[in-house]
Amino acid sequence: MAKRDYYEVLEVERTATVEEIKKAYRKKAIQFHPDKNPGDKQAEENFKEAAEAYDVLSDAQKRQRYDQFGHAGVGGASQGGGFGGAGMSMEDIFSQFGDIFGGHFGGFGGFGGFGGGSRGGRRVNRGSDLRVKVKLNLKEIANGVEKKIKVKKYVPCSKCHGSGAEDDHSSKTCETCHGSGVVTHIANTILGQMQTQSTCPTCGGKGKIITKKCSQCNGEGVMRDDEVITINIPAGVAEGMQLSMSGKGNAARHGGINGDLLILIEEEPHPELIRDENDLLYNLLLSVPQAALGGTVEVPTIDGKAKVKIEPGTQPGKVLRLRNKGLPSVNSYGTGDLLVNVSVYIPKTLSSSEKETLTGLENSPNFQPNRSMKEKIFSKFRNLFD
């Protein structure tokens, strides 16, 4: 199922300010919050959809790419390929956006927070993002491509599964915060008692204290390893475009949220074709007889060769357009054209017989430029200086 427009999801105009987007997201999140809609799968999907929209529209760079390229600009293929905000878990959402609601890890004022209030204050670690470059040729860009890349990254420890503890008996509940990850402070002010919360200084917000570190990762919960990642790149991407895969970056210490994998697109030059946005350009060099007599020639395309008819008397600078032989739009809004620019080759050296032939044609009326042609050339020349 195709993704909905992010502005439509939050019910805001495309000119909405960051504050308006934040306000709209808060309204949607409260409406579809899991605690308010227990067991409602559709509400949960709407909750995630709103978080994904907010993740993109609240970030200036992501929003700019989305406005220009749509879902593919932030890595979100129309069928949902795991890019951008897609793939967010509930814990991802609460840990990243919980501050919008004035609470901790999913605290929504009157609601208990997803997963129970006992976890509401724990600090969730987040792994760092990874950045890779992927080179594509024009054929891969035209058709879209699946790439498998090997990435060296932090992954959860295979022995402790990211906990950092040697075994199930090697950790205990923090006595300071009693497992909540936060401590509450009450201060008397002129306005009355003020209650604030902060990360527990004893366990660092984890809620548990490791009594015996994992012997394999030394208590870190992560290790360096290679991972082969499959990337589905949509058709129509361009040089410099950045896609992202949520959760495919480095694993977080002691569990938590993985970072993202950022994919920077590099475009390999084609030996004959030049890209101009979605159009492709080709310079066709004809001989004097070919331009004068006409005929059929072959020109390169992304998929092979195409035959082009040359009309008799074709002039240098004429552009022939081959419809839909260019590159598709990244948003599937059409396909560019192949523009064939005609040039005529004039030889620098001639044999005696060639000179004799051309001399015989020199005074022929058909080989003399007429008045209208001269005026046309002069007009083009003059426009260069206007």
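Against the criterion of solvent-accessible heavy-atom surface with a 1.4 angstrom probe, Met194, Met241, Met223 sort, most first, into Met194, Met223, Met241.
Stretching Asp167 away from Thr17 to a fully extended chain increases their span by 49.1 nm, per 0.36 nm per residue minus the current alpha-carbon distance. Annotation: aspartates and glutamates with alpha-carbon distance below 20 angstrom to Lys172 (same-chain offsets under eight excluded): Glu220. Residue pairs exceeding 18 angstrom between C-alpha atoms, taken from Lys133/Lys248; Lys48/Lys153; Lys3/Lys48: Lys48/Lys153. Put simply, the amide H of Val182, placed in the peptide plane, has neighbours under 5 Å in Cys200, leaving out anything fewer than 5 places away on its chain.
What separates the Cα centres of the range 150-205 and the range 260-317 is a distance of 62 Å. For Cys214, the solvent-accessible surface with a 1.4 Å probe is about 0 Å², rounded to the nearest 10. When Tyr333, Tyr25 are compared by accessible area at a 1.4 angstrom probe, the order from most to least is Tyr333, Tyr25.
In this structure, the pairs whose alpha-carbon distance is over 30 Å, taken from Lys28/Lys147; Lys62/Lys148; Lys23/Lys135; Lys22/Lys206; Lys27/Lys135, are Lys28/Lys147; Lys23/Lys135; Lys27/Lys135. Take the Cβ atoms of Glu45 and Glu266, set R0 to 30 Å, and the FRET efficiency comes out at 0.25.
Which shape class applies to the range 214-330: rounded if a/c is under 1.5, otherwise prolate when a/b exceeds b/c and oblate if not, where a ≥ b ≥ c are the square roots of the Cα gyration tensor eigenvalues? Prolate.
Subtracting the Cα-Cα distance of Lys355 and Thr184 from 0.36 nm times their residue separation leaves 51.7 nm of extension gain. Once all protein chains are placed together, Lys159 keeps about 90 Å² accessible to a 1.4 angstrom probe. Using the 1.4 Å probe convention, the accessible area of the range 115-268 works out to 55 Å² per residue with neighbouring protein chains retained.
The values are calculated or read from the model by the stated rules, or taken from the named source; none is laboratory data. Values in this document were obtained by computation on a predicted structure and should not be read as measured data. Methodologically, a virtual Cβ is constructed for each residue, glycine included, from the backbone with ideal geometry; neighbour enumeration extends over all protein chains shown. Accessible surface is based on the protein model in full, side chains and every heavy atom, while ligands, DNA and RNA are left aside. Shrake-Rupley method; radii C 1.70, N 1.55, O 1.52, S 1.80 Å.
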